[in-house]
1. Would you calculate the separation in nanometres between label points at I25 and E60, each defined as 7 Å from the Cα along the Cα-to-beta-carbon direction?
2. Straight-line reach from K104: which lysines fall under 28 Å, measuring Cα to Cα and dropping same-chain residues less than 8 apart?
3. In whole percent, what relative contact order does the chain give with Cα contacts below 8 Å and a gap of six or more residues?
4. Compare G147, G39, G16 in a GNM of the chain, Cα atoms joined below 10 Å, and give the one with the largest fluctuation.
5. Going by the alpha-carbon gyration tensor, a ≥ b ≥ c the square roots of its eigenvalues, is the chain rounded (a/c under 1.5) or, if a/c is not under 1.5, prolate (a/b greater than b/c) versus oblate?
6. Excluding G153 itself, calculate the net charge of residues whose Cβ lies under 10 Å from the Cβ of G153, where each Lys or Arg counts +1 and each Asp or Glu counts -1.
7. Using the basic label-point model (7 angstrom from Cα toward the beta carbon), what is the T106 to D49 distance in nanometres?
8. Please give the FRET efficiency for H41 paired with L119, using the beta carbon to beta carbon distance and R0 = 25 Å, rounded to the nearest 0.05.
Amino acid sequence: MDGKLRSMTSIYLLSGDQVLLLYRIGSRIVDQLYTGSAGGHFEPDEVSDARACVLREMNEELGLTEADVEHLALRYVTLRLKNGEIRQNYYFFAELKDPSVELKSTEGVLRWFDWDSALSCEMPYTAKYVCEHFRREGRYTDKLYGGSATEAGVVFTVLDEF
């Protein structure tokens, strides 16, 4: 293991019991899979600020700013070893203030799903487990969860400050 890191962020926009997913087209890393509404890799000046990264990605890909959402929160941080690199994913969730606004993405096709339908979509490995956990438990709390990926799934732990 040579210690290569790939840090990425993603945001899941919500409206009531629906979640906005992106069918990503043309990505080098995640292609022809459903992902969060927007997301991507950290820029060098964002290495210590996942919130700045997700806000930039949301603006670049959807044309939205922080003023267009409410209850923006980092809810999950996951780790996975893949292709010789440690992949760190920072998952944010937020409510879209005006879900009637027509959104378009520069990265693929957006679509609103109810949670049952969303969970039947093909997603990246840790994203699928994050969405399942959020639907089952995470949406009822304000906790931050850490997740470690294994071949059997992702093991989540509440990240308490101490």
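1. With each label point 7 Å from Cα toward Cβ, the separation is 2.0 nm.
2. K128
3. 28 percent
4. The residue with the greatest mean-square fluctuation here is G16.
5. The shape class here is rounded.
6. Spelling it out: positives minus negatives among the neighbours equals -1.
7. Distance between label points: 1.9 nm.
8. 0.45
Where a number appears in this text, it was derived from the coordinates with a stated rule and is not lab data. Because the structure is a prediction, the values reported are computed rather than measured. Note: ideal-geometry Cβ built from the backbone for every residue, glycine included; neighbour counts use all protein chains shown.
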